[in-house]
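The values are calculated or read from the model by the stated rules, or taken from the named source; none is laboratory data. This is a predicted model, so every value here is computed, not measured. What goes into the accessible areas is simple: the full protein's heavy atoms, side chains included, and nothing from ligands, DNA or RNA. Shrake-Rupley method; radii C 1.70, N 1.55, O 1.52, S 1.80 Å.
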Amino acid sequence: MTLAAILIWYVGIGVLAAIGTVTISRARFSPRVEHSFFALLLIPIAAMYLVFVAYFGDGSTPRPEAYAVVVFVVLGLLGLRFPALLVLGYGLHGGWDLAHEVRVHLGTGGARPFTDIPLAYGAFCAAYDWWMAGYFFTRRAAWRQ
């Protein structure tokens, strides 16, 4: 019950963070700059998992995490030109976040496909990423101009 409350709390924080990000970015950036900002932001967001690999000292997961980071870097860079790939990149990253969260709480019979993450980080990030992907979907036309 406590874990459910924590996860719900962090999903709410993720949604509120996304709403704040959207509000500030629309007020401060032109559509072109906003598009570029969010495309390049996917890179450090994805790289956080390499930080967790180093912090938690999990020597069995650096390669899969590095491959995932490369995929998200490519999607972020291609997203500079193709807004639909930015929607895809944030959507997939939300799934990657959620997969980490599920693995941490449900376990995986000895297999360690993912590195550990802080409690509820995956729930927060999945909510943020999916909210942002939805926002990007609505901004595609403005970003193409």
On C-alpha positions alone, give me the angle between the axis of helix 121-144 and the longest principal axis of the chain, in degrees, nearest 10.
20 degrees
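Quick one: if you take sqrt(5λ) for each eigenvalue of the C-alpha gyration tensor of the chain, what semi-axes come out, biggest first, whole angstrom? Numbers along the way, then the final one.
Details: eigenvalues 155, 67, 25 Å².
So the equivalent ellipsoid measures 28, 18, 11 Å along its semi-axes.
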Need the full-extension length gain, Arg63 to Ser30, defined as separation in residues times 0.36 nm minus the C-alpha distance. One decimal, nm.
8.1 nm
Per q in 0.23, 0.24 1/Å, what log10 I(q)/I(0) does a Debye calculation on the alpha-carbon atoms of segment 1-81 return?
-1.04, -1.05
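With N residues in segment 57-101, what two-decimal value do you get for its Cα radius of gyration over 2.2 N^0.38 Å? If you can, show how the numbers build up before the last one.
Details: Rg = 11.8 Å, N = 45, 2.2 N^0.38 = 9.3 Å.
Normalised Rg, Cα atoms only: 1.27.
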Mean ellipticity per residue at 222 nm, deg cm²/dmol - from DSSP H runs of n ≥ 4 across the chain, formula -39500 (n - 2.57):
-29000 deg cm²/dmol
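For the chain, report the accessible area per residue in Å² (1.4 Å probe, heavy atoms, rounded to an integer). Walk me through the intermediate numbers first.
On the way: 7850 Å² over 145 residues.
Normalised by residue count, the accessible surface of the chain is 54 Å².
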Could you state the angle between the C-alpha long axis of helix 31-56 and the longest principal axis of the C-alpha atoms of the chain, as a value from 0 to 90 degrees rounded to the nearest 10?
10 degrees
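Considering only protein heavy atoms and a 1.4 Å probe, what is the carbon-and-sulfur percentage of the accessible area of the chain?
Values: 5700 of 7850 Å².
C and S atoms contribute 73 percent here.
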In degrees between 0 and 90, to the nearest 10, how far off the longest principal axis of the chain does helix 62-79 point, with axes built from Cα atoms?
10 degrees
